[in-house]
Amino acid sequence: MLTETHNNAGTASFESIKLQPDIVFVYRHPAHFIAFSGGLGLSPKAPGTIGTLIAFPIFWVLDHYLHPIHLLLLIDIFFILGISVCSITGRTLGVSDYGGIVWDETVAFLLVLYFTPSGWIWQITAFLLFRIFDIIKPQPIRYYDKHLKNGFGVMFDDLIAAFFTLLCLSVWKAWVLPENYF
């Protein structure tokens, strides 16, 4: 069976998938469970968006209980863990960046939320920007999505999308909003 990989930037690549993942697959191995963000990556519609949305409640809970530096450290650990679990799951599926592997979106958006000003307008704007960058994949995101085909590559292109999101928010906050807005 051929499946289109996670690259939806106009140039799709196809890889052979060994098996079709289901809930049994997700719960069979801890790496699959994490890579599919607890099974949310099985969503038939927009799994990447669902994987991004789950970052909201995760962030709110962790932000409430953890000191900011500990939260940032945990996000770093999630990223490092993601390299391994996405690699294991991609190898098992025979597709390096299967669309249901959404841990990359979850972790990258946790990082975005960490640096985003509080308030629902900022967070919704961050969500929309992140999804735009992750879906459209402007350069250099597209380059790394295309050329890095392992767990690091799966995680890294979303890290760049997070950086672009934060850059846009920073520019907006620093240059567009009036000083007395804050």
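Taken together, the values in this text are just the output of simple stated rules run on the coordinates, not laboratory data. Since we're looking at a predicted model, the values are computed, not measured. Here the Cβ positions follow ideal geometry from the backbone for every residue, glycine too, while neighbour counts run over all protein chains shown.
What to note about this one:
- Cα centroid separation - segment 125-176 against segment 34-84, whole Å: 16 Å
- With the simple spin-label model, which puts each label point 7 Å out from Cα in the Cβ direction, the Trp120 to Trp172 separation comes to 1.6 nm.
- Dipole-positive endmost among Gln20, Leu71, Gly51 within the chain (Cβ charges, Cα centre): Gln20
- Net charge, His70 excluded, C-beta distance under 13 Å - Lys, Arg +1, Asp, Glu -1: -2
- Residue with peak Gaussian network fluctuation, the chain [Cα springs, cutoff 10 Å], from Leu129, Leu19, Leu148: Leu19
- Screening the chain for whole DSSP H helices of 27 Å or more along their axis (Cα) with average Kyte-Doolittle hydropathy at least 0.0 returns 68-93, 151-171.
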